[in-house]
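> Before we start, here is the structure in question, set down as structure tokens.
Just so it is clear, none of the values below were taken in a lab; they were calculated from the coordinates. Since the structure is predicted, the reported quantities are computational estimates derived from the model, not experimental observations. Note that each Cβ is placed from the backbone with ideal geometry, even for glycine, and that neighbours are counted across all protein chains shown.
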Amino acid sequence: MERSSSRHRPNVGRLAPSPTGGLHLGHARTFLAAWLAARSTNGSILLRVEDLDASRARPEAMTGAQLDLRWLGLDWDEGPDVGGPSGSYVQSERVAIYAAALECLKASERVYPCTCTRADIARAVSAPHAEDEGPVYPGTCSGRSVADALSLGDRPFAWRFRVPPGPVVWEDLILGRTAIDPSQTGGDFIVARSTGPFSYQLAVVQDDAAMGVTQVIRGDDLVASTPRQILLFQALDLPRPHFGHVPLVHGPDGRRLAKRDGSIKLATLRESGMDPRRLVGWLAQSWGLTEEMIPSSPSDWARGFDLARLSRDPWMVSAESLEALTP
């Protein structure tokens, strides 16, 4: 029986900001799509704070993200500020759950201790993006078993997941049938450090399953993460959500927006006096939901919303179009 299907479960979407900086226009567009995809089917939404990267996480960014999302008109049924049956909704408070998942992977020898560079280990903490994909791991330590970790003493190491050869195929809610061979796009990947923390890949898989998430809508810079997460869902015998990857927003310089782009942060727009209804209308227009910019709230677009109709091309934002929205 295929346990990866969420066909017969109530639709549950999620918003999962990382509190490493202010949310920007690209986040708003992706979160709006995720919110609409759930609300259009009378589904629920949960908010989860992904703060495993302790060196970059900022408490004020966690508060700021919630303020920005509510200003935009998005709400959620479960989250750090409203509670819910799946709490905690802050990843740094869920490490015992990730530790249990790691023990399951050890028991089935799906992981092995790797003593390769600490830089590789550090990169595993944050959500990866397309430009972060490095060379394929050569399998230097793959001959080790779980028990070999005992012989390493105090030497730091990472637990790497054994990636089987061959493509992982899924029906993407936006991209359609997608196939990626993770053994050729990174190879065996890190799920934890010997002294912590746990990786983004392991944490989000465990959280999505534990929180009953059925639908993950996120930027297409995370497409390469999807086959890795599917493999983890399978290895842990967990039901997985449906995935949909939306195109990113590119700024006036042609690059995808990043948290360094202060002028397009939601906090900056909010503090400038921008009407959030105008911003939502602009975002709806960018998705092709309307030909004209109509000031509106997110709920105005929920009825009849269809992910399959969204454009697969990046949205290019000009400085002139942004200025036209501000008073």
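> Counting DSSP beta bridges with both partners in region 12-323, what percentage is antiparallel, nearest 5?
For region 12-323, the DSSP antiparallel bridge percentage is about 55.
> Using a Förster distance of 51 Å, how high is the FRET efficiency between Arg277 and Cys104, based on the Cβ-Cβ distance and rounded to 0.05?
Once rounded, the FRET efficiency stands at 0.60.
> As a footprinting exposure proxy, order Asp51, Asp181 by other Cβ within 10 Å, with the fewest listed first.
Going from least to most buried by this count: Asp181, Asp51.
> Next question. Taking the chain as a Gaussian network, Cα atoms linked when under 10 Å apart, which of Pro227, Pro138, Pro113 shows the biggest mean-square fluctuation?
Of Pro227, Pro138, Pro113, the Gaussian network model singles out Pro138 as fluctuating most.
> Here is a further query. Kindly express, to the nearest 10 degrees and within the range 0 to 90, the angle between helix 276-286's C-alpha long axis and the longest C-alpha principal axis of the chain.
That helix lies at roughly 70 degrees to the long axis.
> With +1 on each Lys and Arg Cβ and -1 on each Asp and Glu Cβ, and nothing else charged, work out how big the dipole of region 12-323 is about its Cα centre, in Debye to the nearest 20.
For region 12-323, the charge dipole is close to 460 debye.
> Mind sorting Met293, Met316 by how few other Cβ atoms lie within 10 Å of their own Cβ, fewest first?
Final ranking by Cβ density, sparse to dense: Met316, Met293.
> Follow-up. Packing-wise, with mean Cβ within 10 Å as the measure, how do 200-211, 79-90, 154-165 rank, highest first?
Going from most to least packed, we get 200-211, 154-165, 79-90.
> Extension gain Ala302-Glu171, at 0.36 nm per residue separation less the Cα-Cα distance, in nm?
Between Ala302 and Glu171, full extension yields 44.9 nm more.
> Ranking Glu291, Glu171 by Cβ neighbours within 10 Å, fewest first, what do you get?
By the 10 Å Cβ count, ascending, the order reads Glu291, Glu171.
> Right, next: Which value, in debye to the nearest 20, describes the size of the charge dipole of region 45-93 about its Cα centre when Lys and Arg Cβ atoms bear +1, Asp and Glu Cβ atoms bear -1, and nothing else is charged?
100 debye
> Arrange the peptides 19-28, 38-47 so that the one whose residues have, on average, the most other Cβ atoms within 10 Å appears first.
Ranking the peptides 19-28, 38-47 by packing returns 19-28, 38-47.
> What is the extension gain from Thr268 to Asp77, computed as 0.36 nm multiplied by their sequence separation minus the C-alpha to C-alpha distance, in nm to one decimal?
So the extension gain works out to 66.1 nm.
> Give the residue from Gln285, Gly22, Thr226 lying farthest towards the positive end of the charge dipole for the chain; charges sit on Cβ (+1 for Lys and Arg, -1 for Asp and Glu) and the dipole is referred to the Cα centre.
Sorting the options by dipole projection puts first Thr226.
> So how far apart, in nm, are the two label points at Ser145 and Thr115 if each is 7 Å from Cα heading toward Cβ?
1.8 nm
> State the cysteines of the chain left without a partner when partners are defined as other cysteines whose beta carbon lies under 4.7 Å away.
That list is Cys104, Cys116.
> Rounded, prolate or oblate: which fits region 178-248 when a ≥ b ≥ c are the square roots of the eigenvalues of the alpha-carbon gyration tensor, with rounded for a/c under 1.5 and prolate only if a/b beats b/c?
The shape class here is oblate.
> Kindly state, to the nearest 0.05, the FRET efficiency for Met316 paired with Ser92, given R0 = 25 Å and r defined as their beta-carbon distance.
0.10
> What 222 nm value per residue comes from the helices of the chain, counting each DSSP H run with n ≥ 4 as -39,500 (n - 2.57) and dividing by all residues, nearest 500 deg cm²/dmol?
Using -39500 (n - 2.57) per qualifying helix, the result is -8500 deg cm²/dmol.
> Working from Cα positions, state the angle (0 to 90°, nearest 10) between the long axis of helix 59-72 and the longest principal axis of the chain.
40 degrees
> Please name whichever of Ala101, Leu238, Leu47 sits farthest to the positive end of the charge dipole of region 12-323, dipole taken about the Cα centre and charges placed at Cβ: Lys and Arg +1, Asp and Glu -1.
Ala101
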